[in-house]
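J.: Can you keep this structure in mind? I'll have questions shortly.
The values are calculated or read from the model by the stated rules, or taken from the named source; none is laboratory data. Everything numeric in this text was worked out from a predicted model, so none of it was measured. As a convention, Cβ positions derive from the backbone with ideal geometry for all residues, glycine included, and neighbour counts pool all protein chains shown. These accessible areas exclude ligands, DNA and RNA; they are computed on the full protein's heavy atoms, side chains included. Shrake-Rupley method; radii C 1.70, N 1.55, O 1.52, S 1.80 Å.
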Amino acid sequence: MGISAIENARVRITEDEMEAFLSLPPLEEGESYSMNQVMALIRSKKVIACIDGETLQNMIDTPVYNQEVCIAKGKPAVNGRDGELTYQFNTDINTKPEIREDGSVDYWSIHAVELVNAGQVIAVYTDPTPYEDGLTVTGKTIAARRGKPQPPLPGKGFSRSEENHCYIADVSGKIELLNGRVRISEVYEILGDVGLSTGNIDFHGDVVIHGGVTPGASVKSTGSITVDGICESCTLEAHKDIILRSGVLGGGKAVIRSGGNIHARFLEYCRIEAEGCIEANSALDSHMISYDRIFLTGRKAGIVGGTAYAAAGMEMDVLGSPSEVRTQVQVGMSLDMMKELSALLNQQKEAFDVIARITSGLTQYDEMAKEKGIDTSNDERRMALLRTKMTKQAECVSLQKKIDRLNDIAERAKGAAVRVFHDVNPGTLVTVDSSMLQVKDMHKSVKFIKRHENVVMVSIADELV
């Protein structure tokens, strides 16, 4: 029954051995293939796994001749998925404000501190999924990859649940993700104003104030300071960023200092100093110092009255006012800073000379004592020299930090410019490094730069061409 015909049947296996096809030749009338014949044939061709018996039976019962039919499909390997950690808090801290469609700046969009409460789930761990080996139609095993478990989440301020699937905050405070480590640290959070009811604040960590800061109050932080309300004639000092969502009405008495950047909606009648950038919508009769850049952003954002210094440059829409209010801005490396750097280098050289003389004196002292066979390790004169040497070495370290800071500022100050995209009003004094230019007429869209020891105005439109 189809014995001779079966010998002409064709079996084709794909190159990856994941599929096998069978083509049966036609039979004489009244003849038929048997399942045993067909199975013997395909096994002789090394098709021994993942055979579709139903398809084979259909080929026998309803013959389809000289046409390839897939009669076996291998089973692909199913790789295990690695264990996965999903954070349940915002890990993308945004320290840049968003610009609205009308050009104004949304200071409420700045997100410098992410807060969590004790007992809050901060991360969820998903175990690796099971893996399953695959199989080819020729019976070869396809090894699947095992899913790798993740190591426990490193950090502090949280615990792992008993089933090891949840990480839970132990304390309320600021949460941050740094280099794969989660840290929850204390945050001083004030729900209202800082004033007589709260007293002054001096906190080791971040401070978040949901109200304002009233006249005479002081807030100091080794971290950042965020204030939702108005800051009046107060003092704010932070080692990191200061974010003033509603701005400053300083009354000529507010003092704000930051070891990082300062962002404010507006600045009026205040003194503000930042190691990093200063960014605001407007500045009125204020004194601003940035050892990086100053940005006045938003529609008609600018500086009116007061003074502003930015080592690396500044940008704004408007400088000064039509009423010719005296407004002074400066960029680059000032003469005073250059003198300070020179004085520090001289002090450092003098300290190095003293250390060299003491070192030489100690060497001679020890050699003389050795020749005489005297133990001078506890000699008071020798100890006094050692103390002086250590004091001078500490002084050199301190001087070097100050020198490095000024050198960094000098590097940022190279090529510093003042860019005004709309109006420059008369009554404005612009200084680049130590060169000055008094603006006597109205100008539009210009850049102030230093050229051949003079300050000159260059059209921003020409600059862009």
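For every residue, the table says whether it meets (1) within 60 Å of the chain's Cα centre (by Cα); (2) open to solvent by less than 60 Å² (accessible area, probe 1.4 Å); (3) more than 24 Å from LEU135 (Cβ to Cβ); (4) in contact (Cβ under 8 Å) with a residue 60 or more places away in the chain.
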| position | (1), (2), (3), (4) |
| --- | --- |
| GLU7 | no, no, yes, no |
| VAL11 | no, yes, no, no |
| THR14 | yes, yes, no, no |
| SER23 | no, yes, no, no |
| PRO26 | no, no, yes, no |
| SER32 | no, yes, yes, no |
| GLN37 | no, yes, yes, no |
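J.: In this structure, does LEU249 turn out to be touching a residue at least 40 places away in the same chain (Cβ under 8 Å) and either in contact with a strand residue (DSSP E or B) (Cβ under 9 Å, 6 or more places away or on another chain) or among the polar types (S, T, N, Q) (or both)?
T.: Criteria not met by LEU249.
J.: Are any residues in the range 218-240 surrounded by fewer than 24 Cβ atoms within 10 Å (Cβ to Cβ) and under 15 Å from ARG271 (Cβ atoms), and if so, which ones?
T.: Scanning the range 218-240 gives SER218, GLU232, SER233, THR235, GLU237.
Residue-wise test of (1) β-branched (Val, Ile, Thr); (2) over 26 Å from the mean Cα position of the chain (by Cα); (3) at pLDDT below 95; (4) over 27 Å from ARG81 (Cβ atoms).
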position: PRO128; (1), (2), (3), (4): no, yes, yes, no
position: GLU163; (1), (2), (3), (4): no, yes, yes, no
position: ASP170; (1), (2), (3), (4): no, no, yes, yes
position: ILE184; (1), (2), (3), (4): yes, no, yes, yes
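J.: Mind checking which pairs have a first residue in the range 56-75 that is over 8 Å from LEU24 (Cβ atoms) and a second that is in a strand (DSSP E or B) and aromatic (Phe, Trp, Tyr), Cβ under 8 Å, 6 or more apart or different chains?
T.: From residues that are over 8 Å from LEU24 (Cβ atoms), the pairs are GLU68/PHE21; VAL69/PHE21; CYS70/PHE21; ILE71/PHE21.
J.: Kindly establish whether VAL418 is buried (at least 19 other Cβ atoms within 10 Å of the Cβ) and farther than 18 Å from MET333 by Cβ.
T.: Taking the combined requirement at face value, the residue does not satisfy it.
J.: For VAL432, are the conditions met, namely being open to solvent by less than 70 Å² (accessible area, probe 1.4 Å) and closer than 19 Å to GLY276 by Cβ?
T.: no
J.: Regarding the range 99-117, can at least one residue be identified that is modelled with pLDDT of 85 or more and under 26 Å from the mean Cα position of the chain (by Cα)? Lay out the reasoning, then the answer.
T.: Here is the first cut: in the range 99-117, the residues modelled with pLDDT of 85 or more are 116-117.
With the extra rule that they be under 26 Å from the mean Cα position of the chain (by Cα), the set shrinks to 116-117.
Checked the range 99-117: at least one residue is modelled with pLDDT of 85 or more and under 26 Å from the mean Cα position of the chain (by Cα).
J.: Limited to the range 343-358, what total is found for residues that are of a type in the set (Gly, Ala, Ser) and in contact (Cβ under 8 Å) with a residue 24 or more places away in the chain? Can you show your working first?
T.: First pass over the range 343-358, keeping only residues of a type in the set (Gly, Ala, Ser): 343, 351, 356.
Then keep just the ones that are in contact (Cβ under 8 Å) with a residue 24 or more places away in the chain; that gives 351.
Matching residues across the range 343-358 total 1.
J.: Out of the residues in the range 320-375 that are of a type in the set (S, T, N, Q) and part of a helix (DSSP H, G or I), which is farthest from VAL424 (Cα to Cα)? It would help to see each step written out before you state the result.
T.: Pass one, the range 320-375, residues of a type in the set (S, T, N, Q): 321, 323, 327-328, 330, 334, 342, 346-348, 359-360, 363-364.
Now restrict to residues that are part of a helix (DSSP H, G or I): 342, 346-348, 359-360, 363-364.
On the way: SER342: 35, ASN346: 41, GLN347: 42, GLN348: 43, THR359: 59, SER360: 61, THR363: 66, GLN364: 68 Å.
Per the criteria, the residue is GLN364.
J.: Go through the range 39-76 and give me each residue that's under 27 Å from ASP133 (Cβ atoms) and at pLDDT below 90.
T.: none
J.: Would you check if there is a residue in the range 449-461 being exposed (fewer than 15 other Cβ atoms within 10 Å of the Cβ), touching a residue at least 12 places away in the same chain (Cβ under 8 Å) and either of a type in the set (Gly, Ala, Ser) or touching a His at 6+ places or on another chain (Cβ under 7 Å) (or both)?
T.: Among the residues of the range 449-461, at least one is exposed (fewer than 15 other Cβ atoms within 10 Å of the Cβ), touching a residue at least 12 places away in the same chain (Cβ under 8 Å) and either of a type in the set (Gly, Ala, Ser) or touching a His at 6+ places or on another chain (Cβ under 7 Å) (or both), which makes the answer yes.
J.: Would you be able to tell me the number of residues in the range 374-410 that are over 18 Å from LYS349 (Cβ atoms), touching a helix residue (DSSP H, G or I) at 6+ places or on another chain (Cβ under 6 Å) and in contact (Cβ under 8 Å) with a residue 24 or more places away in the chain?
T.: 1
J.: Scan the range 428-453 for residues that are at pLDDT 90 or above and more than 20 Å from ALA311 (Cβ to Cβ) and report the count.
T.: Matching residues across the range 428-453 total 9.
J.: Among (1) open to solvent by 60 Å² or more (accessible area, probe 1.4 Å); (2) in contact (Cβ under 8 Å) with a residue 24 or more places away in the chain; (3) not acidic (Asp, Glu), which single condition is GLY361 missing?
T.: Against the list (1) open to solvent by 60 Å² or more (accessible area, probe 1.4 Å); (2) in contact (Cβ under 8 Å) with a residue 24 or more places away in the chain; (3) not acidic (Asp, Glu), GLY361 comes up short only on (1).
J.: Look at ILE48 and say whether it is within 60 Å of the chain's Cα centre (by Cα), open to solvent by 90 Å² or more (accessible area, probe 1.4 Å) and not charged (D, E, K, R).
T.: yes
J.: I'm checking my understanding of the structure. Among residues of the range 364-395 that are more than 38 Å from the chain's Cα centre (by Cα), acidic (Asp, Glu) and open to solvent by 50 Å² or more (accessible area, probe 1.4 Å), which one is farthest from ILE409 (Cα to Cα)?
T.: GLU371
J.: Could you list, in sequence order, all residues of the range 247-303 that are in a loop (DSSP other than H, G, I, E, B), more than 20 Å from VAL418 (Cα to Cα) and either open to solvent by less than 10 Å² (accessible area, probe 1.4 Å) or in contact with an Asp or Glu (Cβ under 9 Å, 6 or more places away or on another chain) (or both)?
T.: GLY247, GLY259, GLY260
J.: Can you pull out every residue in the range 391-427 that is of a type in the set (A, V, I, L, M) and under 30 Å from MET316 (Cβ atoms)?
T.: LEU406, ILE409, ALA410, ALA413, ALA416, ALA417, VAL418, VAL420, VAL424
J.: I need the strands (runs of 3 or more DSSP E) fully contained in the range 164-217, keeping only those with at least 1 residues that are surrounded by fewer than 17 Cβ atoms within 10 Å (Cβ to Cβ) and out of contact with any Pro (no Cβ under 9 Å at 6 or more places or on another chain).
T.: Values: elements: 166-169, 173-178, 181-185, 187-190, 201-203, 206-209.
So the answer is 166-169, 173-178, 181-185, 187-190, 201-203.
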